[in-house]
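**Student:** Dropping the structure in here first, questions after.
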Amino acid sequence: MTAVSEPVKRVLLAKPRGYCAGVDRAVVAVEKALELYGPPVYVRKEIVHNRHVVESLRERGVIFVEETSEVPEGELVVFSAHGVSPAVRAEAEERNLRTIDATCPLVTKVHKEVNRFAREDYDILLIGHEGHEEVEGTAGEAPTHVQLVDTAEDAAKVEVRDPSKVVWLSQTTLSVDETMERVDQLKGRFPNLADPPSDDICYATSNRQTAVKAMAAECDLVLVVGSKNSSNSQRLVEVAKQAGARDAHLIDFAREVDEKWLEGVTTVGVTSGASVPDVLVMDLLAWLSERGWGEVQEVTTANEKIAFALPRELRSV
Ligand code: 0CG
Ligand code: SF4
């Protein structure tokens, strides 16, 4: 009788994954504000789109609000990593709020591009997800010049004043491939559509997609650690499936893994969104190890070295 050997259960762990430079800076900014000024520190919207980060900061005295109008006059408010429109800044000033701007410098870069093209009177087609805070802030830089293009239907319908003076820009956390599809579709309608001066989808978003793509075809299941409202994390699930993973799910915590997903699975891919502390990934690896997936191989497609200086308001104190 020949023994049939069990397939070796293993985990492929994507690198890069987790915190990007903009998220790290934003979270440290809130921690510094707590340290320097003591609670309460107000934060407009979630500082980054991660449940664990938000819950931990809340426990330490951060009050998250939807709008600056909820912040008492004269108090300190931090603007989230996703950025704010000039109208929000003006409102904070009117209410005499002290502000710390944790907008990621790579989001600010897109705001500047909007301003530049609006000054030159271009029609700006902003590719992004309707209702996402980042596009609300970016579009708010020049509401009369910007139109949001979310779906393929939007791209088919959008109208511009002068097809020879139109540019596309984008949200920083989109699927690279899907965005290029949208751009091709727009270029089919507007052959003179200008490209952004540099990529708006940020290095962290695209690097995490490249890493998950590199391992997806070998995975029976990909687990992406990240929150439901995190655009870049959601995109990792989609990209994993498109790149050949048999199944993929987004989870905030290891305890959310449904054991049924593991039936018949040999190789599990693990990655995490740009707003996810690595401790949550380590928890997931421990959870998988207890169930037989103890062998972990890291799949590295890039080494990230980028870091950003703290917000200006915190540099001089
Ligand atoms: O991916 P989005 O823009 O939804 O944000 P998240 O906070 O998850 O991570 C990057 C930032 C800021
Ligand atoms: Fe900045 Fe990109 Fe991170 Fe967003 S995902 S905070 S744009 S580095």
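The values are calculated or read from the model by the stated rules, or taken from the named source; none is laboratory data. Treat the numbers as computed from the prediction; the structure is a model and nothing was measured. As a convention, Cβ positions derive from the backbone with ideal geometry for all residues, glycine included, and neighbour counts pool all protein chains shown. Side chains included, ligands, DNA and RNA excluded: accessible areas come from the protein's heavy atoms. Shrake-Rupley method; radii C 1.70, N 1.55, O 1.52, S 1.80 Å.
**Student:** Please list, in order along the stretch 199-215, the HN-Hα scalar couplings obtained from phi with the Karplus expression 6.51 cos²θ - 1.76 cosθ + 1.60 (θ = phi - 60°), rounded to whole Hz, x for Gly and Pro.
**Tutor:** Karplus-based 3J(HN,Hα) across the stretch 199-215 equals 4, 8, 5, 7, 4, 5, 4, 6, 5, 5, 5, 4, 5, 5, 4, 4, 10 Hz.
**Student:** For the chain, how many pairs of lysine residues have a Cα-Cα distance under 23 Å, where the two are 8 or more positions apart or belong to different chains?
**Tutor:** 24
**Student:** Tell me the mean residue ellipticity at 222 nm calculated for the chain from its helices only (DSSP H runs of n ≥ 4, each -39500 (n - 2.57), averaged over every residue, nearest 500).
**Tutor:** The helix-only estimate for the chain comes to -11500 deg cm²/dmol at 222 nm.
**Student:** Carbon-plus-sulfur fraction of the accessible area of the stretch 181-294, 1.4 Å probe, in percent? If you can, show how the numbers build up before the last one.
**Tutor:** On the way: 2110 of 4500 Å².
Accessible surface attributable to carbon and sulfur in the stretch 181-294 totals 47 percent.
**Student:** I would also like to ask the following. When averaged across all projection directions, what area in nm² does the alpha-carbon convex hull of the chain cover?
**Tutor:** For the chain, averaging the hull's shadow over all directions gives 19.1 nm².
**Student:** In degrees between 0 and 90, to the nearest 10, how far off the longest principal axis of the chain does helix 105-119 point, with axes built from Cα atoms?
**Tutor:** 40 degrees
**Student:** Hey, what's the Cα Rg ratio for the stretch 4-57 versus the globular rule of thumb, 2.2 N^0.38 Å?
**Tutor:** Values: Rg = 18.1 Å, N = 54, 2.2 N^0.38 = 10.0 Å.
It is 1.81.
**Student:** Restricting the calculation to Cα positions, tell me the Rg (one decimal) and the Dmax (whole number) of the stretch 218-307 in Å.
**Tutor:** Final numbers for Rg and Dmax: 12.7, 41 Å.
**Student:** Once phi is turned into θ = phi - 60°, what whole-Hz ³J(HN,Hα) does the Karplus curve with 6.51, -1.76 and 1.60 give for every residue of the stretch 300-313, x standing for Gly and Pro?
**Tutor:** These are the phi-based 3J(HN,Hα) values: 9, 10, 6, 10, 8, 10, 5, 9, 10, 5, 4, x, 3, 4 Hz.
**Student:** Could you tell me how many degrees, from 0 to 90 and to the nearest 10, lie between the Cα long axis of helix 278-290 and the main elongation axis, the longest principal axis, of the Cα atoms of the chain?
**Tutor:** Orientation of helix 278-290: about 20 degrees from the principal axis.
**Student:** Give a quick list of trypsin sites (Lys or Arg not before Pro) in the stretch 3-60 that DSSP marks as loop, anything other than H, G, I, E or B, with at most 15 other Cβ atoms within 10 Å.
**Tutor:** Numbers: sites: Lys9, Arg10, Arg17, Arg25, Lys32, Arg44, Lys45, Arg51, Arg58, Arg60; in loops: Lys9, Arg17, Lys45, Arg60.
Hits after loop and neighbour filter: Arg60.
**Student:** Calculate how steeply helix 231-242 sits against the longest principal axis of the alpha-carbon atoms of the chain, using the helix alpha-carbon long axis, and give the answer as 0 to 90 degrees to the nearest 10.
**Tutor:** 40 degrees
**Student:** With N denoting the number of residues in the stretch 143-237, provide Rg(C-alpha) divided by 2.2 N^0.38 Å, to two decimal places.
**Tutor:** Here the Cα radius of gyration is 1.25 times the empirical estimate.
**Student:** Separate question: For Ile100, what residues show an amide H to amide H distance below 5 Å, using hydrogens built from the backbone and excluding near sequence neighbours?
**Tutor:** Val77, Val78, Phe79
**Student:** Just to be sure I follow the definition: excluding the sites themselves, where is the longest run in the chain that has none of the chymotrypsin sites (Phe, Trp or Tyr not before Pro) in a DSSP loop with at most 16 other Cβ atoms within 10 Å?
**Tutor:** Here the longest run is 1-252.
**Student:** Taking N as the number of residues in the stretch 29-176, what value does Rg over Cα atoms divided by 2.2 N^0.38 Å take?
**Tutor:** Working: Rg = 17.0 Å, N = 148, 2.2 N^0.38 = 14.7 Å.
Expressed relative to 2.2 N^0.38 Å, the Cα Rg reads 1.16.
**Student:** Averaging the inverse of every distinct alpha carbon separation and then flipping it gives the Kirkwood radius. What is it for the stretch 165-317, in angstrom units? All intermediate terms of the calculation are to be shown ahead of the outcome.
**Tutor:** On the way: mean 1/r = 0.0580 Å⁻¹.
Hydrodynamic radius (Kirkwood, Cα pairs) of the stretch 165-317 is 17.2 Å.
**Student:** In square nanometres, what is one fourth of the surface area of the convex hull spanned by the alpha carbons of the stretch 89-214? Walk me through the numbers before you get to the answer.
**Tutor:** Working: hull surface 34.9 nm².
Orientation-averaged projected area of the Cα hull: 8.7 nm².
**Student:** Kirkwood Rh over Cα pairs of the stretch 186-233 into Stokes-Einstein at 25 °C, 0.890 mPa s: D in µm²/s? Intermediate results must be reported in sequence, preceding the final value.
**Tutor:** On the way: Rh = 13.7 Å.
D = 179 µm²/s.
**Student:** Check each of the trypsin sites (Lys or Arg not before Pro) in the stretch 154-263 and keep only those in coil by DSSP with at most 16 other C-beta atoms within 10 angstrom; list them in order.
**Tutor:** Sparse-neighbourhood loop trypsin sites (Lys or Arg not before Pro): Arg161, Lys165, Lys228, Arg246.
**Student:** Also: Report the Cα centroid-to-centroid distance between the stretch 1-52 and the stretch 264-301 in angstrom, as an integer.
**Tutor:** Rounded to whole Å, the Cα centres lie 13 Å apart.
**Student:** Amide H neighbours of Thr266 under 5 Å, at least 5 residues apart or on other chains, H built in the peptide plane: list them.
**Tutor:** Amide H neighbours of Thr266, under 5 Å, 5+ apart: Asp220.
**Student:** To the nearest 20 debye, what charge dipole does the stretch 112-192 have about its Cα centre, counting +1 at the Cβ of each Lys and Arg and -1 at the Cβ of each Asp and Glu? If you can, show how the numbers build up before the last one.
**Tutor:** Details: 9 positive and 18 negative charges, 84 e Å.
With only Lys, Arg, Asp and Glu charged at Cβ, the dipole is about 400 debye.
**Student:** Please give the charge dipole size of the chain, origin at the Cα centre, charges +1 on K and R Cβ atoms and -1 on D and E Cβ atoms. Round to the nearest 20 debye.
**Tutor:** Computed charge dipole of the chain: roughly 700 debye.
**Student:** A further question follows. So if I restrict to the alpha-carbon atoms in the stretch 99-145, what is the Rg, and what is Dmax, the biggest pairwise distance, in Å?
**Tutor:** Over the stretch 99-145's Cα set, Rg and Dmax evaluate to 10.8, 32 Å.
**Student:** From the backbone phi of the stretch 245-250, what are the Karplus-calculated ³J(HN,Hα) couplings (6.51 cos²θ - 1.76 cosθ + 1.60, θ = phi - 60°) in whole Hz, Gly and Pro given as x?
**Tutor:** 5, 5, 8, 7, 9, 9
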